[in-house]
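Asker: Dumping the structure here so I can ask a few things about it.
The values are calculated or read from the model by the stated rules, or taken from the named source; none is laboratory data. Note that this is a predicted model, so its numbers are computed, not measured. Every residue, glycine among them, receives a Cβ derived from its backbone with ideal geometry; neighbour counts consider all protein chains shown.
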Amino acid sequence: EQLAPLLCLSDLHLYLTAPFVLSWSLFDALACGCVVLAGDVEPVWEVIEPGRTGLVEPLFDTERLAETALRVLADPAAYRPLGQAGRQLMEEKYSLEVAVPGLKDYFERMAAAGVRRSG
């Protein structure tokens, strides 16, 4: 409840994660329209299209990460379209209206095929 208002006020969300997995903070930031600067790792590629829905830099290149972060913070209005595109992506691919019917279809197909988990 408290995170969303903060993300909506933020000019930048740094998403630098190791091990290289996706977490809720990335999705939360994108859903709030916050500009995301993420480490350039494979799971991030599933969500961030560099220069369109966010920014990526090599995860362990601290100078480039800092330079990019400072550039965004110096002119947040110039980067706001990235945040807007990220929010649109969340609405189009991950909203309840999209995700729930997709999951329902998936489970119905699995049930019809008789797929069972082993073990």
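Asker: Being at positive phi and either at pLDDT 90 or above or hydroxyl-bearing (Ser, Thr, Tyr) (or both): is that true of GLY51 here? Please lay out each step first, then the result.
Answerer: Values: at positive phi: yes; either at pLDDT 90 or above or hydroxyl-bearing (Ser, Thr, Tyr) (or both): yes.
So GLY51 passes the test.
Asker: Filter the stretch 65-119 down to the residues that are of a type in the set (D, E, K, R) and within 19 Å of the chain's Cα centre (by Cα) and list them by number.
Answerer: Just the residues of the stretch 65-119 that are of a type in the set (D, E, K, R), to begin with: 67, 71, 75, 80, 87, 91-93, 97, 104-105, 108-109, 116-117.
Answer for the stretch 65-119, where residues must be of a type in the set (D, E, K, R) and within 19 Å of the chain's Cα centre (by Cα): ARG80, ARG87, GLU91, GLU92, LYS93, GLU97.
Asker: Right, another one. Could you run through the stretch 63-97 and say how many residues are under 23 Å from TRP24 (Cβ atoms) and acidic (Asp, Glu)?
Answerer: Summing the residues that are under 23 Å from TRP24 (Cβ atoms) and acidic (Asp, Glu) in the stretch 63-97 gives 3.
Asker: Given the condition in contact with a Phe, Trp or Tyr (Cβ under 7 Å, 6 or more places away or on another chain) and closer than 16 Å to LEU7 by Cβ, answer yes or no: does some residue in the stretch 50-60 qualify?
Answerer: No - not one qualifying residue is present in the stretch 50-60.
Asker: Check every one of the helices (runs of 4 or more DSSP H) wholly within the stretch 11-119 and list those with 1 or more residues that are surrounded by 14 or more Cβ atoms within 10 Å (Cβ to Cβ). Spell out how you get there, then give the answer.
Answerer: On the way: elements: 24-31, 42-45, 62-74, 76-93, 96-113.
Once the helices (runs of 4 or more DSSP H) in the stretch 11-119 are filtered for at least 1 residues that are surrounded by 14 or more Cβ atoms within 10 Å (Cβ to Cβ), what remains is 24-31, 42-45, 62-74, 76-93.
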